[in-house]
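For reference, the structure is listed below as structure tokens.
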Amino acid sequence: MEEFRVFVVRTSGRSAAVDDDRRGFSLLGRSQVSGLALARPVTTGVRSRAVLELQQNYGGLRFRALVGGEFVPGEGDRLAWRVRFWETVRSTPQQGLLRGALLPGLPEGLDHAAVAGLHADLSSGALPAGRLVIDRAGYDQESSPALFATAAELLLHVLLAGTFGSPAEPVIRSWATTGRIPSALPGVDFQA
């Protein structure tokens, strides 16, 4: 498994941090949304796990979103995906990757936003075959559905970078400086 070094990128309006895992934000998964998506076969890749926290400042508010998960490359032409939500291992605030505490969990509204953030990539048919699970999350009073959608999409790019040996930092830096996620997937090695 490719491990990420913890890194933080800060700009005047956005911050992002990536770590390999934060068990305090584990979701029990009694409730979940899942499905299958068409995918492309891959020739290489390793299991990748990461946790990502985003912060965006807007109009005096500080919006935050933390999501984490795992991607395991697999054979065939399907990607099995699952997003767990709401129930958590701990219901007390936990220190996030950035400054301040977050409540573990992915409550209603934010759960649908996380799934929506994955939708375009899942529908593209360009993702590698395997298994994707989002099973870590944290939020606060100022968390927004839009930032959770962005966090889920960006997490997918970070996981793919780890799986295929590409650096995740340029993807994170791009979002922190421009507010956009690069459209190209990190170095995926597809079968010919």
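The values are calculated or read from the model by the stated rules, or taken from the named source; none is laboratory data. On a predicted model such as this, the values are computed, not experimentally measured, just so you know. A quick note on method: Cβ atoms are made from the backbone with ideal geometry, for glycine too, and the neighbour counts reach across all protein chains shown. Note: accessible area is taken over every heavy atom of the protein model, side chains too, but ligands, DNA and RNA are not part of it. Shrake-Rupley method; radii C 1.70, N 1.55, O 1.52, S 1.80 Å.
If LEU106 satisfies all but one of (1) at pLDDT 90 or above; (2) open to solvent by less than 20 Å² (accessible area, probe 1.4 Å); (3) outside any helix (DSSP H, G or I), what's the number of the condition it fails? Of everything listed in (1) at pLDDT 90 or above; (2) open to solvent by less than 20 Å² (accessible area, probe 1.4 Å); (3) outside any helix (DSSP H, G or I), LEU106 misses just condition (1). Checking each residue in the range 21-70 for being acidic (Asp, Glu) and assigned to a strand (DSSP E or B) picks out GLU53, GLU70.
If I ask for residues that are modelled with pLDDT of 90 or more and more than 23 Å from ALA39 (Cβ to Cβ), which ones from the range 79-99 would you list? Within the range 79-99, PRO93, GLN94, GLN95, GLY96, LEU97, LEU98 qualify. In the set (1) out of contact with any helix residue (DSSP H, G or I) (no Cβ under 9 Å at 6 or more places or on another chain); (2) at pLDDT 90 or above; (3) loosely packed, with under 15 Cβ neighbours inside 10 Å, ALA129 fails one condition alone, (3).
Just one residue in the set VAL9, VAL42, VAL46 is open to solvent by less than 50 Å² (accessible area, probe 1.4 Å), touching a helix residue (DSSP H, G or I) at 6+ places or on another chain (Cβ under 7 Å) and more than 15 Å from ASP135 (Cβ to Cβ); that residue is VAL9.
Taking the range 64-103 as the range and being within 24 Å of ALA161 (Cβ to Cβ) and either open to solvent by 50 Å² or more (accessible area, probe 1.4 Å) or of a type in the set (Phe, Trp, Tyr) (or both) as the test, the residues that pass are PHE71, GLU75, ASP77, ARG78, TRP81, ARG82, ARG84. Looking only at residues in the range 134-154 that are assigned to a loop (DSSP other than H, G, I, E, B) and either among the basic types (Lys, Arg) or touching a residue at least 12 places away in the same chain (Cβ under 8 Å) (or both), the one that is most open to solvent (accessible area, probe 1.4 Å) is GLU142.
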